[in-house]
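Derivation of every value follows stated rules applied to the coordinates shown; laboratory data play no part. Keep in mind that what you see is a predicted model, and the values were worked out from it rather than measured. Glycine also receives a Cβ, built like all others from the backbone with ideal geometry; neighbour counts cover every protein chain displayed.
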Amino acid sequence: MIMTGAHDDFLVALSIGIAIFASYTALSLAGRIRASRQRARRVWLGAAAVTLGGGIWAMHFVAMLAFSMPGMTISYDVGPTLLSLALAIGFTGAGLATLNWQQVTPARTALAGALIATGVVGMHYLGMAAMRMPAALRYDPVWVAISIVIALVAATAAVWLASRDRKLPQRIAAAVVMGAAIAGMHYAGMYAATFTMAGMDDAQGLASVGQTYLAITISFLTSLILLLSLGAAQLERVFQRAARREARIALRLQVADILRGRSAEVALPEVAALMGAHFGVTRTGFGDLDPLEDVFDYSTCWTDGSAPPLLGRFPAAAFGPKIVAALTAGRTVAIGDLFASDLSDESRTQATAREVDTRAILVVPFVRGGRLRTIVYLNDRKPRHWRADEISFMEEIAERVRLVIERSAVEDQLRELNASLEMRVEQRTRELQRAEAGRRAADALYRAYFEHTPDPLSVIAVGVDGEFLIEQMNPAHEAALGVRLDAIRGKRLQQCLPPRIAQRMVRAYRHIVQTREIAHYRHSFVVGGEPRHWDTTLVPLSEEGRVTRIVASSRDVTRQVAAEEALRQAQKMEAIGQLTGGVAHDFNNLLTPILGSLDRLHRKGVVDERDRRFVAGALQSAERARTLIQRLLSFARRQPLQIAPVDVSELVRSMADLISSTIGPQIKVAVDAPAGVPAATADANQLEMALLNLAVNARDAMPQGGQLRIGVSHAVIGEGDMRELGAGRYICLCVADTGVGMDQETQRRAIEPFFSTKGVGQGTGLGLSMAHGLAAQLGGALTIDSQPGAGTQIMLWLPESVDAAQSGAGGAEADEAHAFSGTVLLVDDDELVRDSAAQMLRDIGLTVTCAASAAAALDQVDAGMRPDLLVTDHLMPGMTGSSLALQLRERLPGIRLLIISGYADAGDIDDSLPRLSKPFVQADLVAALRDLG
């Protein structure tokens, strides 16, 4: 017969209370397991096993005692009952020991839950088997399975809850849930049991214990054990808190002493060692972040010896992006297991953890100015649960260290700043000393320049009323103006200068004050009756926004102005010379047919004697014109000296009329040029020009008229007789006047280029210089003998020539009867010259073919003409006569060549070509042809 049992409500409630109380006690003891190490952990592990296992057993047994069936007495066998208690405690201890309390994993949690559930299930059904009653016991498999599942869930939940560090309200709630689950497992198992009535004899004679006695005893013992466990846990927690507090106080004091009495370099390793020992970690230290390279420099590290120190440079990225982001944000990073945390699940982070043999880390960042600067870290080789108080204490120690590090950094900066300030002060002092020395040197240099420069310098003060006062003036300025600074210092310009000059200078100074710009100008004035020209630069000096001084720097450019004027005169003379050369050439072309025609009339003769006289007079006038043109050409010539023996007496006599007409009727010209004076080595044309220049200078020295004497003499100079000349024989050309004369200074400078005693525009200052240069080139000298008011005598000394002078009239007396034969190609672009020359050539027996240009002449040669003689003008349109002659000489090797030209400056005529100058008469032409051979 199946029996139906009932439960005592009081005992059911008591059993559930025991389960909840046991769960709460176990959770409290689990916290001690996590917080303890080594032996203490084992003790607390055993206590938790006894508490939880015993509590579950007590709950089970009280719940069994709460069960009763009408008319049936239930008792329990002591042996199986105690064995069920041992199963509960043993399997609970095994499960708790299996769990890794520093880093709880699901696998370990499931394994521990399975072990504890096995103990609970075994304890329950073994306890059921210990029941002694007159009934047979059977179990419903479904509810047995349900009870086992409830046991697994309850045990696993118990392990999971025990592994978490919870506060009191959470712990109570967890204990209620856990206790209800344990009770649920028991009552599910009881529901699976079916009791069938048996004979009364089956239960007789067994040793048993009454239900009431057992319930009271078990409840009392269980409560006592649980209370003792809670009390022990609470006392141990109090002791540990006190110990940790004392240890932390001691650590704070030690750290404070270390940080206060030592530098950061010495203190940090000691602090790291203290932190490592206090927290019981594998490794601790400090790392500084290089923001430029994003690399941590680990220079301080302590280890317990089980792991190598972390020293050197490691990239910040080795932490992994998540950890770096947290540290950069200033958050402390606490990871119990780097291989199981979401914050460290990057592959780079886990690779770094394996590389440095680290499982748990606690890192406190130092952030300054919004940037991560330094970290303080704790490393452990094993997974570890970081308590909140450990994290906060670590942050406290890190903050103390941070303050010291920053203080040390500030002290270093202060030391560097002090050193830098001292260095800068010293450097600045040296700079000031150098500047002062430089200023003194500059002042001395400026003063030396101011005192000794030949340029006039002055400083003009600008008064507040706009007046300009003389403040400073250097000696050169004093000497140039003939005044002393002491006499005019502080005076207005209008008081020291003539009104016209003062007005001009005041106007210039006012312009400087208004524009505040440097100005340059040239002003002219008269000092001591002589004109002066100064180039002046005005530099404004400002103070407080207004011009207070003007520095004037002047340069005397009087000689430069004279030289520029002389250069302009020389350029005009050169232009005149070029014009004269061109005009003379045209006159030569005009004179050639005139002179040729008159010469032909003179040679042929006329019937009327009166006509013959007219022709002779015209011929004489044409000769005089030719002579004049030759002198003009000589004046215009620009070529090197043509040195040859020159009859100086003949040259002077031939120029007497030209000199007289040039210097005018107020000057009487006397010539003393005896015949028989030896020839001189000279260039006749240059000598003529020099003589003409000397005559003009003499005329200018006699503005009221006077006498000009020109003499030629021969002299023998001994060694040392004259400083200017060496020993030898010389021809002296003397030009003397009765003019104003010269003083010693003027005589000394008279031969300087561009020096002139005449007014501006009245001379080039080159006459005496050119004459002196000519004499020096020829190996002679120029001497001056003069006295103021007694006239001037200039002597041009020329070396005597070893050869006799050539006569200039030989050509006219040439043998006109000389007969010529052959064909002549005559080339000239002037028709009159061409006709006159052709007639002369025909008169001496030559056959003449004419051409108006070099191109026409070449065309005739190309056509087959083979002339024996080429007579050609030089300057013609297109090709020159010289080029034509050279081409025909190559094409007709036997041809004779003669160049006729109206220019004296024929430097582009080949030297190998014979020449005949225009104008010419038949005798000149015959002589030139005879010289050709």
*Binned at 10 Å from 0, what are the whole-percent values of the Cα-Cα distance distribution for region 262-414, short to long?*
11, 44, 37, 7, 0
*Could you work out the local net charge near Ile470, counting Lys and Arg as +1, Asp and Glu as -1, over the other residues with Cβ closer than 10 Å to its Cβ?*
+2
*Please list the non-local residues whose amide H lies under 5 Å from the amide H of Gln787, H modeled 1.01 Å from N, same-chain partners needing a gap of 5 or more.*
Met742
*First obtain the Kirkwood hydrodynamic radius of region 275-343 from its Cα pairs, then insert it into the Stokes-Einstein equation at 10 °C and 1.306 mPa s, and state the resulting D in µm² per second as a whole number.*
119 µm²/s
_Distance between the C-alpha centers of region 252-288 and region 441-475? Whole Å please._
74 Å
*With Cβ to Cβ distances under 14 Å as the rule, what net charge do the other residues near Asp297 carry (K, R +1; D, E -1)?*
-3
_Alpha-carbon centroid distance for the pair region 506-557 / region 643-705, whole angstrom_ = 50 Å
*Highest first, please rank the peptides 558-566, 469-477, 892-900 by the mean number of other Cβ atoms sitting within 10 Å of their residues.*
469-477, 892-900, 558-566
*If you average over every viewing direction, what projected area does the convex hull of the Cα atoms of region 402-551 give, in nm²?*
13.8 nm²
_Contour minus Cα-Cα distance for Glu719 and Leu343 (0.36 nm per residue)_ = 123.5 nm
_Trp57, Trp534, Trp797 arranged by Cβ crowding within 10 Å, fewest neighbours leading_ = Trp534, Trp797, Trp57
